1. If only one of ALA270, ALA212, ALA266, ALA274 is outside the structural domain of VAL317 (by TED's automatic domain parsing) and not hydroxyl-bearing (Ser, Thr, Tyr), which one is it?
2. Only strands (runs of 3 or more DSSP E) wholly contained in the range 129-172 count here; list those with 1 or more residues that are among the charged types (D, E, K, R) and within 16 Å of LEU114 (Cα to Cα).
3. Being in contact with a Lys or Arg (Cβ under 8 Å, 6 or more places away or on another chain) and modelled with pLDDT of 95 or more narrows it down to one of VAL100, VAL53, so name that one.
4. Among the residues of the range 99-108, is there at least one that is surrounded by fewer than 18 Cβ atoms within 10 Å (Cβ to Cβ), in the same structural domain as CYS169 (by TED's automatic domain parsing) and either among the acidic types (Asp, Glu) or not in a strand (DSSP E or B) (or both)?
5. How many residues does the range 64-99 hold that are under 22 Å from ALA175 (Cα atoms) and of a type in the set (Val, Ile, Thr)?
6. List the residue pairs whose Cβ atoms are under 9 Å apart, where the first residue sits in the range 308-323 and is touching a residue at least 12 places away in the same chain (Cβ under 8 Å) and more than 19 Å from MET264 (Cβ to Cβ), the second is of a type in the set (Ser, Thr, Tyr) and not in a strand (DSSP E or B), and the two are 6 or more positions apart or on different chains.
7. Could you identify the single residue in GLY273, GLY263 that is of a type outside the set (A, V, I, L, M), surrounded by fewer than 23 Cβ atoms within 10 Å (Cβ to Cβ) and not in a loop (DSSP other than H, G, I, E, B)?
8. Give me the pairs, please: first residue somewhere in the range 114-142 and without any contact (Cβ under 8 Å) to a residue 12 or more places away in the chain, second residue anywhere and among the hydrophobic types (A, V, I, L, M, F, W, C), beta-carbon distance under 6 Å, and either six or more positions apart or on two chains.
Amino acid sequence: MKDLSKTIAIVLAAGRGTRAGGTQPKQWQMLLGKSLTAWSVDAFMSHAEIDAVVVVHHPEDQEMIAQLPAAVRCLHGGANRDDSVRCALSALKDQAPEYVLIHDAARPCLTQSLISTCIDAMRARGAAAPAVALQDTLWRGGDTVEATVDRSNLWRAQTPQCFSYQVICSAHAAATRPATDDVQVVSAAGHLVAIVPGDADNLKVTLPGDFARAERILRGRMKLRLGNGFDVHKFGPGTEITLCGITLPHKAGLLGHSDADVGMHAVTDAVYGALARGDIGQHFPPSDLRWKGAPSDIFLKHAVQLAEELGFHIENVDCTLICEFPKIGPHSIEMRARMAQIMGLDSDQVSIKATTSETLGFTGREEGIAAIATVALVSR
């Protein structure tokens, strides 16, 4: 059962991260289509025990914030890590959270299971953080080995570092010197911090080569769903038709309970199919008069929203319209733009094309139009 107290994740993204290379701070560089910060934010937003996410960023990175979900609260950080944490803690006073999780944005491979483990330990002990025990032999030296260091009880610290809000606030208020992380601050104030088993894949991107490793990790976790949709509408009285959201003049209309947009219907069913959530008829029954003559973007937007709720984003769409007339080529760019707008995609993620059936069958006899669509969904 979910704890009724409020738990807020703070994602620290105000650093400059120059060692990672690139023209932007590392936390805003792209990895499989999303910035490192967006990966970290999505991990928390997808977790049932997290009530809100706060991103602390540099004032110069204001434009980067647009790529984050609207529900994320964004605020400016300070001159160093400690100052940024204190900015976030101060901004949360009015919300009075019970717990906070403080995470480095440059750790994009955070898992749901590690978040859960940290939360459980934090609620039991008041303060907890993940760490990985050192496995390698440790040496001390310069150009030559001077001594071997006992690795017993040595750990590699990770984030999220998790605390009772009152514990972390009082610890930062009492701090007299800079710290490398929040465990150091809390420990200096006399509080015990429980160590929970970390994840070797929860790496902190620091150097250019770390991006490739993070990509391999994330690709290994991504789930791919494919769906297809097929729809047919016959011609009837009318002087125009709607295809993929664009209204075209024609010698006949298309018959259907809604606006009979055969292309959009095929794409919508492809999304439902990839999610194993039925088809348009199940979500919007023709027997319901609310949908009579309704624009088909209502159906498509619902399918896209459902995909988001189930943890997927749409990677690409391919729709083929099968008809003798009208000619689709002159309108395909406009159709792609309209479908992309409805689905929240870029136009280069949407393909709209057409073919004829060489005068064969009902489409060849110009009795109607058919459409077939394929979509790829990728887990967030």
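The values are calculated or read from the model by the stated rules, or taken from the named source; none is laboratory data. In this text the structure is predicted, and so the values were computed from the model without any measurement. Note that each Cβ is placed from the backbone with ideal geometry, even for glycine, and that neighbours are counted across all protein chains shown.
1. Of ALA270, ALA212, ALA266, ALA274, the one residue that is outside the structural domain of VAL317 (by TED's automatic domain parsing) and not hydroxyl-bearing (Ser, Thr, Tyr) is ALA212.
2. Ranges flagged: 155-157.
3. On inspection, the qualifying residue turns out to be VAL53.
4. no
5. Summing the residues that are under 22 Å from ALA175 (Cα atoms) and of a type in the set (Val, Ile, Thr) in the range 64-99 gives 1.
6. GLY311/SER46
7. GLY273
8. TRP139/VAL145; ARG140/ALA147; ARG140/VAL149
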